1. To the nearest 20 debye, what is the magnitude of the charge dipole of the stretch A:170-249 about its Cα centre, counting +1 on the Cβ of each Lys and Arg and -1 on the Cβ of each Asp and Glu?
2. Stick to the Cα atoms of the stretch A:73-137, pair each with every other, and give me the Kirkwood hydrodynamic radius in Å at one decimal.
3. For chain A, state the semi-axes of the equivalent ellipsoid (square roots of 5 times the eigenvalues of the alpha-carbon gyration tensor), sorted largest first and rounded to whole angstrom.
4. Using the Cα centre of chain A as the reference point, and only Cβ charges (+1 on K/R, -1 on D/E), how large is the resulting charge dipole? Debye, rounded to the nearest 20.
5. Compute the separation of the alpha-carbon centres of the stretch A:165-228 and the stretch A:324-386 and state it in Å as a whole number.
6. Excluding residues fewer than 8 places away in the same chain, name every one of the lysines whose C-alpha is closer than 19 Å to that of B:Lys155.
7. Please get the size of the charge dipole for the stretch A:382-424, origin at its Cα centre, with Cβ charges of +1 on Lys and Arg and -1 on Asp and Glu, quoted in debye to the nearest 20.
8. Could you list A:Asp417, A:Asp55 so that the one with the fewest beta carbons within 10 Å of its beta carbon is first and the one with the most is last?
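Every number in this text was worked out from the coordinates using simple rules, so none of it is lab data. Values in this document were obtained by computation on a predicted structure and should not be read as measured data. A quick note on method: Cβ atoms are made from the backbone with ideal geometry, for glycine too, and the neighbour counts reach across all protein chains shown.
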Amino acid sequence: MRVFNHFFLGALLALFAQVSFAQFRIEVTGVGLTQIPVTVAPFRGQDALNQKISDIVLADLERSGQFRLIKVPLGSLDETTKPELTGLRQAGADAVALGSVTKLADGRFDIRFRLWDVVNGQDLGGQSFAVTSSDLRMAAHRVADYVYEKLTGDKGVFSTRIAYVTKATQRHQLWVADADGENAQSALASPEPIISPAWSPDGNQLAYVSFESRKPVVYAHNVSTGKRRLIANFKGSNSAPAWSPDGKTLAVTLSRDGGSQLYLLNTSGGEPRRLIQSNSIDTEPVFSPDGQNIYFVSDRGGSPQIYRVAVNGQGIERVTFTGTYNISPAISSDGRWMAYISRVGGAFKLHLMALADGSVKAITDTTADESPSFSPNGKLLVFATQLQGREALMTSTLDGKVKARLNGQSGDIREPDWGPFYKP
Amino acid sequence: MRKFVAIICAAMVLAACGTTVPLSDVPVTDASPKVISGTDANATGAGIKGNGVAPVDLGAGATQANAPSEARIVYFDYDSFVIKPEFQSVIAAHARFVKAQPARKVAIEGHTDETGGREYNLALGQKRAEAVRDALSLLGVSQTQMEAVSFGKEKPAMAGNDEAAFSKNRRAEIRYQ
């Protein structure tokens with residue numbers, strides 16, 4: 001549903017603009033950005049909180065690349081007030097969100113907001129949440145999701161979660177954080193490396209590779225209980241877990257029969273079934289959103305390239321043809337896009353392929369990109385890279401025009417995987 | 001010959017120092033998030049499900065005091081899995097040692113330099129480990145005594161992103177268990 005018929009065709013002159021926010025560094029580059037001008041008033045009562053609800057909402061909206069933030073002094077308005085539209089129109093805002101935070105008798109907080117279409121003078125509805133102080137950020141992300149969906153017609157991803165791994169001396173940690181990188185909670189701490197976390201489709205479990213037993217072994221880990229299950233601990237190396245969309249199957253790379261080869265496992269247990277057999281490296285499997293195909297990396301042609309095979313192991317097709325090193329495929333939820341890492345002149349760069357016609361473009365200026373993962377609405381990518389010699393996580397819009405560095409833990413940070421939509 | 005025995009003995013002493021700390025059982029705690037019911041509101045009131053994460057800690061780092069002994073490491077060229085002639089004698093010495101002790105288990109751990117993706121490097125390290133395993137097998141070591149595994153680029157022997165470090169990291173380590 002598109003609410004507005006006149007979108008701001010902005011940033012035509014802003015070839016390079018940088019906005020520094022409380023939580024993020026957000027970089028907007030390029031011309032011809034279509035962004036909705038929007039403003040969010042400070043929520044009445046939020047001054048008493050450490051978490052400024054409106055700041056979190058604004059940072060979410062800006063990071064999505066779909067919005068341009070308009071600064072308008074709005075006074076003390078809340079969701080019960082109809083805003084004065086003329087001034088907002090003059091300031092160039094197409095929409096305004098107004099809200100409040102009230103402390104309840106039981107210690108929780110009541111968060112309420114209402115969204116207004118400034119152009120048409122329309123009330124676009126609102127919501128209220130009663131949350132504990134630890135869930136205030138989540139409530140703010142839900143507000144941003146509502147605004148995003150009402151104004152763009154697509155579901156918001158601000159209340160989703162991202163898993164990632166940090167490495168400090170002798171300490172490797174798997175974290176679960178909000179989609180903005182904040183509110184990180186440790187799921188696993190280990191003296192040995194952890195790689196390749198992958199969210200289950202229901203968002204309850206993470207599969208990953210842990211080296212805690214001095215070899216790569218695949219586990220599935222329920223993040224809310226901390227309960228872990230061994231998924232693949234066969235002789236040799238066990239790695240690269242990928243969930244099928246129905247959550248019933250995991251594709252993994254095993255070396256138990258010699259070489260790195262692809263297998264399918266029931267998540268409930270049982271013997272692995274070989275997907276394909278080759279004399280080359282086959283690894284990094286990932287299911288297509290319809291569950292019918294598996295994309296993977298193979299050096300069968302002499303250099304690592306991305307291929308596609310049906311889940312019954314039939315009909316292997318090569319997908320990447322440009323360059324001599326293409327790895328780490330990720331497929332968007334609508335099946336239209338494949339993000340992957342391609343080596344170009346010694347640099348490892350995030351690329352995006354339109355699967356319909358195979359057209360490819362690089363979308364970063366960085367040179368050590370790794371591990372791309374799509375947001376569940378397919379509108380953003382999260383990936384690992386290096387900034388000023390340190391590992392960092394970044395998000396980018398698919399056109400590469402709006403990028404943000406995620407706040408995270410200190411030290412090296414890597415291996416992001418974007419979880420599914422929030423399920424109430 | 002006497003020299004090889006000395007090398008192997010030294011390797012054994014160092015390998016014995018390299019035992020890892022056993023992992024304690026993973027604590028299983030119930031930290032299920034409480035669902036907060038929504039309050040009536042002027043619009044579509046709703047609760048928010050908490051997002052609790054139960055932390056699991058596998059303990060502190062093992063004290064890896066053992067510097068890797070050159071005599072149990074096979075180095076590889078860039079993008080290569082071929083065992084260079086200068087390492088044949090190391091492999092032959094280990095083969096004799098393992099064959100003499102049928103109860104002995106050996107892990108061959110493959111590693112890569114830091115260039116490229118983590119999973120693809122894991123597969124490249126596996127090729128190096130399997131190359132050494134197959135060379136030991138050709139010299140008569142039983143497959144049941146050996147396991148070839150890979151650490152990819154996760155455990156470099158030397159920090160740094162120049163060729164001096166890379167050449168020390170492209171390796172397979174023979175480790176007795």
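1. Working: 8 positive and 7 negative charges, 115 e Å.
Roughly 560 debye, rounded to the nearest 20.
2. On the way: mean 1/r = 0.0779 Å⁻¹.
This gives a value of 12.8 Å.
3. Values: eigenvalues 322, 118, 69 Å².
For chain A, the ellipsoid semi-axes come out as 40, 24, 19 Å.
4. Values: 44 positive and 41 negative charges, 102 e Å.
Approximately 500 debye in magnitude.
5. The two parts, judged by their Cα centres, are 23 Å apart.
6. Candidates past the 8-residue exclusion: A:Lys167, A:Lys215, B:Lys127, B:Lys168.
7. Details: 6 positive and 5 negative charges, 35 e Å.
Charge dipole, the stretch A:382-424, about its Cα centre: 160 debye, nearest 20.
8. On the way: A:Asp417 22, A:Asp55 17.
Final ranking by Cβ density, sparse to dense: A:Asp55, A:Asp417.
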